[in-house]
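The values are calculated or read from the model by the stated rules, or taken from the named source; none is laboratory data. These numbers come from a predicted model, not from an experiment. Cβ sites come from the backbone with ideal geometry, for glycine too, and all protein chains shown count toward neighbours.
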Amino acid sequence: MNKILVISLDKRFKKFERKVKNTALKILKILKKTNVSLEIYLVNSQKMRFLNKKFRGQDKTTTVLSFEEPRNFILPPSKFKRIGEIYLNLTNDLRLATNDRRKLSVVSCRLLVHGLLHLLGYNHQKKSDRIRMERKERKLLKFLITNS
């Protein structure tokens, strides 16, 4: 069992909360991860720009940011291992919305996969790491698309 909290920091994204949570739970299940806890924040471009500037020094918006839980951070006892936070910019999903306004776009699914893989230790600093991460992203996204 895993514990995922999805919070909309923009009321327009409230309708995506359940889909984001269910998609994240599916990803963790595919990866055979249990007793994991994380928070996912749904934000707009303005908030994402602020976060990107504050934490990465880049004065521009971005699509996804992941923040790993600090290793020595003291947390109350829990059966769940807190792995961090993901910030997803869903502004494009509002533009791409179809008849089902709760539907998460393929792009946002990919961003969620990308952010979650970062929290699980994947990165793209070296070419070999990037290839490994992109391969895992493609595999997960293919599974999510064909089984949704």
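State which residue is nearest to the chain's Cα centre (by Cα) when the search covers only region 8-65 and only residues that are of a type in the set (Gly, Ala, Ser) and under 21 Å from Ser105 (Cβ atoms).
Initial filter on region 8-65 (of a type in the set (Gly, Ala, Ser)): 8, 24, 37, 45, 57.
Remaining after also requiring under 21 Å from Ser105 (Cβ atoms): 8, 24, 45.
Working: Ser8: 13, Ala24: 7, Ser45: 15 Å.
Out of the qualifying residues, it is Ala24.
How many of the residues making up region 94-129 are at pLDDT 85 or above and among the charged types (D, E, K, R)?
Qualifying residue count, region 94-129: 4.
Filtering region 106-138 down to residues that are surrounded by 12 or more Cβ atoms within 10 Å (Cβ to Cβ) and among the charged types (D, E, K, R), which residue is nearest to the chain's Cα centre (by Cα)?
Arg110
Quick one: is Leu116 in a loop (DSSP other than H, G, I, E, B), touching a residue at least 60 places away in the same chain (Cβ under 8 Å) and either out of contact with any Phe, Trp or Tyr (no Cβ under 9 Å at 6 or more places or on another chain) or on the phi < 0 side of the Ramachandran plot (or both)? Steps first, please.
On the way: in a loop (DSSP other than H, G, I, E, B): no; touching a residue at least 60 places away in the same chain (Cβ under 8 Å): yes; either out of contact with any Phe, Trp or Tyr (no Cβ under 9 Å at 6 or more places or on another chain) or on the phi < 0 side of the Ramachandran plot (or both): yes.
When the stated conditions are applied, Leu116 does not pass them.
Please specify each residue of region 1-56 satisfying the condition of being exposed (fewer than 14 other Cβ atoms within 10 Å of the Cβ), charged (D, E, K, R) and closer than 15 Å to Lys81 by Cβ.
Once the filter is applied, which keeps residues that are exposed (fewer than 14 other Cβ atoms within 10 Å of the Cβ), charged (D, E, K, R) and closer than 15 Å to Lys81 by Cβ, region 1-56 yields only Lys32.
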